[in-house]
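Heads up: the structure comes next, in structure tokens.
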Amino acid sequence: MDQVTYLEKPNLSNPTLVIGFEGWPNAGEVSSSTLQYLIEKLDAKKFASIPIENFYQLSSSRPVAVIKEGRLRELKLPGNHFYYSKPPFSKDFILFQGVEPHFHWSLFVDLLFGLAEKFDVSQILTIGGTYDYIPHTYPPMVSALFNHENLKEKVTRAGLGLTEYTGPISIHTFILESARKRGLKALSLWGHAPQYLQTKSAFGAMPPSISRRRT
């Protein structure tokens, strides 16, 4: 069975776990860009990884090579890395930046929650990106879904739209349901990107009008 590999085991106090993925739930690069921003802004340090074996079809999520003057300089494989931050005047964070797995979602999520339990995570938040039928001239839009009724007030108080959706899911929704079965509250935020722009999109929290989206 695959295990999380650790570079170190930091001493954290009830951290918030923020999760983002490249792949299908990363429209407009909302998820990957947000996690990268948080890692840099919080000066977060990598401390653990989930091995890629048994989770990816590499012909779909291909490794990236750096070749210069005919010589292979570097081979970059899909990465699933945990970072931690201990801001001096704020609560601790664990940031997970990964690639949505092609296989064995249950095992992958078990590894996520195993680490969350080890560090006594207090909150779980996922960040996703969805294509929507909106123009790029609209203000940035965010909608939310949650796995516990007690979170509804927090979402509406923040001015976020409540997701309405029926259809295929991403691993974000799978994480929320897995958290519910474990008795954990979890929230998923989705930044909306214009469906005609296949590039990086702005991301912000504005009350959205809900339409089709990925969850």
Q. What lysines could a cross-link reach from Lys86, if we take a straight Cα to Cα line under 22 Å and drop same-chain neighbours fewer than 8 places away?
A. Lys9, Lys41, Lys45, Lys46, Lys118
Q. Just going by the charge dipole of the chain, with Lys and Arg at +1 and Asp and Glu at -1 on Cβ, which of Ser90, Ser13, Ala48 is farthest out on the positive end?
A. Ser90
(Q) Based only on other Cβ atoms within 10 Å, what is the fewest-to-most ordering of Thr5, Thr34, Thr16, Thr166? (A) Thr166, Thr5, Thr16, Thr34
Q) Going by average Cβ neighbours within 10 Å, how do the peptides 68-74, 181-187 rank, with the highest at the top? A) 181-187, 68-74
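Net charge around Glu8, counting only other residues with Cβ within less than 15 Å of its Cβ (Lys, Arg = +1; Asp, Glu = -1)?
So the environment of Glu8 carries a net charge of +4.
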Q: Straight distance only, please: which lysines reach the Cα of Lys152 with their own Cα at less than 22 Å, same-chain residues fewer than 8 apart left out?
A: Lys181, Lys185
Q: Among DSSP beta bridges whose residues both lie in the range 5-194, state the antiparallel percentage, nearest 5.
A: 50 percent
Q. Loop-only check: which GluC sites (Glu not before Pro) in the range 1-54 are DSSP coil with at most 16 other Cβ within 10 angstrom?
A. Glu8, Glu53
Q. Is the shape of the range 1-44 best called rounded, prolate or oblate, per the rule: a/c under 1.5 gives rounded, else a/b larger than b/c gives prolate, else oblate, with a ≥ b ≥ c the square roots of the Cα gyration tensor eigenvalues?
A. oblate
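Which whole-number percent is the relative contact order of the range 3-59 (Cα, under 8 Å, 6+ apart)?
Relative contact order for the range 3-59 comes out at 51 percent.
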Q. Lys154 to Ala65: FRET efficiency via 1/(1 + (r/R0)^6), r the Cβ-Cβ distance, R0 45 Å, to the nearest 0.05?
A. 0.50
Q: Quick one: among Leu145, Leu77, Leu107, which has the greatest mean-square fluctuation in a GNM of the chain with alpha-carbon springs under 10 angstrom?
A: Leu77
Q. Gain in length, Asp120 to Asp43, computed as 0.36 nm per residue apart minus the alpha-carbon separation, to one decimal in nm?
A. 25.6 nm
Q) When only C-alpha pairs under 8 Å and at least 6 residues apart count, what is the relative contact order of the range 5-194, in percent? A) 28 percent
Q: Determine the dipole magnitude for the chain: charges of +1 sit on the beta-carbon of Lys and Arg, -1 on that of Asp and Glu, nothing else is charged, the reference point is the Cα centre, and the result goes in debye to the nearest 20.
A: 200 debye
(Q) Could you compute the longest span of the chain free of chymotrypsin sites (Phe, Trp or Tyr not before Pro) located in DSSP loops and having at most 12 other Cβ atoms within 10 Å, not counting the site residues? (A) 1-88
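FYI, it's all coordinate maths here, none of it is from the lab. Just so we're clear, the structure is a prediction, and the values are computed from it rather than from any experiment. All Cβ positions, even for glycine, are placed from backbone atoms using ideal geometry, and neighbour counts span all protein chains on display.
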